[in-house]
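Worksheet: the structure to be examined is printed underneath.
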Amino acid sequence: MLPIQADVTVPVDTRLFGTINLNVPIDTTVPVQFTEEIVINQTFSVDTTVPIHLEVPIDIAVANTPFADTLNDLQARLELVSEELNQPLIPLPFDQ
């Protein structure tokens with residue numbers, strides 16, 4: 001809808017009294033309905049930095065290498081440290 005509100009001055013020739021100006025009020029609403037397709041076809045360059053987090057799983061067969069023994073030993077030591085971290089630093093008498 002398009003509302004229109006205006007006062008228009010219209011000169012009217014009366015022949016007897018000459019030309020007089022009349023104010024004509026205009027108050028209306030014009031129904032407007034349209035759909036227009038706008039096609040934008042333009043190429044432009046974008047230069048920016050996009051943060052990205054990428055995880056790539058890597059499977060390396062080490063079971064039949066000397067490195068496997070080192071990894072197994074390291075795992076055993078880490079498990080031992082983990083168990084020790086769950087224990088209090090100073091044994092309390094009521095924990096026994």
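The values are calculated or read from the model by the stated rules, or taken from the named source; none is laboratory data. Since this is a predicted model, take the numbers as computed values, not measurements. Reconstructed Cβ throughout: ideal geometry from the backbone, glycine too, with neighbour counts over all protein chains shown.
Tell me, yes or no, whether segment 27-34 has at least one residue that is among the charged types (D, E, K, R), in contact with a strand residue (DSSP E or B) (Cβ under 7 Å, 6 or more places away or on another chain) and modelled with pLDDT of 90 or more. Yes, that holds for at least one residue.
Residues of segment 19-51 being without any contact (Cβ under 8 Å) to a residue 24 or more places away in the chain, of a type outside the set (S, T, N, Q), closer than 30 Å to Ala6 by Cβ and exposed (fewer than 10 other Cβ atoms within 10 Å of the Cβ), which ones? Leu22, Pro25, Ile26, Asp27, Phe34, Glu36, listed by residue number. Taking the listed residues Leu78, Leu54, the one that is at pLDDT 90 or above and part of a helix (DSSP H, G or I) is Leu78, with no other qualifying.
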